[in-house]
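Read the structure below first, then the notes.
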Amino acid sequence: MRILIALAAALMVTGTTAAQAAAPAALAAPNINVANVQAHLNQFQSIANANGGNRAHGRPGYLASINWVKGRLDAAGFTTRVQSFTYNGATGYNLIADYPGGDLNNVVMLGGHLDSVTSGPGINDNGTGSASLLEVALQMKATNFQPTKHVRFGWWGAEELGLRGSTFYVNSLSTTDRSRIKAYLNFDMTGSPNPGYFVYSASGQPSGSLALQQRLQAGFTALNVQTELTSVGGRSDHAAFARAGIPVGGTFTGAEGIKTSAQAQKWGGTAGQAYDRCYHRSCDTTSNVNATALDRNADVIASALWATAA
């Protein structure tokens, strides 16, 4: 589905003038084809199948995942680098990908963790966020998007062991380089099989986070999807950026929490059941993904990026 951010919402959230908003290309995010995102998930599943059933830190399936994503981005003209770190006696990897152009002193960054737990392939957690980010990145190239801000993506290692990769990345930055990152958007579990539609709350987060929250909410509103705010706390990779004073935001479809009757009435699905019954289990496979939630979240990722970077 194609997201055209409502003019009034765009003016409210971005502070754009009416004259600037008259150019529709600046407000239109591309349609993110969910079939393409699912194809990426199939690749992650195949990698896990060929490497002991998982894509965990220090395991061959994780490095194979990094190499595959890097190859797709290199072919699309991104500048990529693999950053290594050590945790628990094993080498971990972050993949950083920069889109050409834009103001290098004004960076918008998007990310999600690429590793799984050792017990399963990690397709919803977090193949869904990783695959959606990859497809959004590829669509930047396909649509010849020319943002005024510089856009950078990160796929993080060892999130499942305590946010190790993203923390290592933020800590590796100089004070100047940290100050150049003006926004970080995190996407961790965006296709839960009994989904909720949650947007990270800006409450208690660095100044500037409210605008990101509102952009993500506007994206869902354009799809006629009601959202709830959630306080993710330190459970995902935005935490290191928030500690560094960088504005953060993100979306989430739920993990081991239980869907309420009110939420089931609002969103569909099954009340009294976890958003993801296969959370951190071997059954977190490609059959553990809700395609509608995956599609909606991928489109909202694109709408937020286009609004924030342009």
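Throughout, read-outs are computed from the coordinates displayed, never taken from laboratory work. Given the structure is predicted, the values throughout are model-derived calculations rather than measurements. No Cβ is skipped: glycine too gets one built from the backbone with ideal geometry, and neighbour counts run over all protein chains shown.
Things worth noting here:
- Secondary-structure-derived ellipticity at 222 nm for the chain, considering helices only, amounts to -12000 deg cm²/dmol, per-run term -39500 (n - 2.57) for DSSP H runs with n ≥ 4.
- Estimated inter-spin distance, Glu256 and Asn144, nm [label 7 Å along Cα→Cβ]: 5.0 nm
- Normalised by 2.2 N^0.38 Å, where N is the number of residues, the C-alpha radius of gyration of the chain stands at 0.92.
- Dipole axis of the chain (+1 Lys, Arg; -1 Asp, Glu on Cβ), positive-most option in Ala211, Gly92, Gln45: Ala211
- Look at the dipole of the chain built from charges on Cβ: of Ile123, Leu104, Asn194, the Cα furthest out on the positive end belongs to Leu104.
- Ordering Glu228, Glu135, Glu159 from the fewest to the most neighbouring beta carbons within 10 Å gives Glu228, Glu135, Glu159.
- Charge dipole (debye, nearest 20) of the chain; +1 at Cβ of Lys and Arg, -1 at Cβ of Asp and Glu: 260 debye
- The share of C-alpha pairs in region 106-210 whose separation exceeds 23 Å stands at 34 percent.
- In this simple spin-label approximation, Thr176 and Thr91 carry label points 7 Å from Cα along the Cα→Cβ vector, and these lie 3.0 nm apart.
- Sorted by Cβ density within 10 Å, fewest first, the residues Leu229, Leu133, Leu138: Leu229, Leu138, Leu133
- Of Trp68, Trp155, Trp267, Trp306, the sequence from fewest to most neighbouring Cβ atoms within 10 angstrom is Trp68, Trp267, Trp306, Trp155.
- Contact order relative to length of region 243-298, as percent, for alpha carbon pairs under 8 angstrom and 6 or more apart: 30 percent
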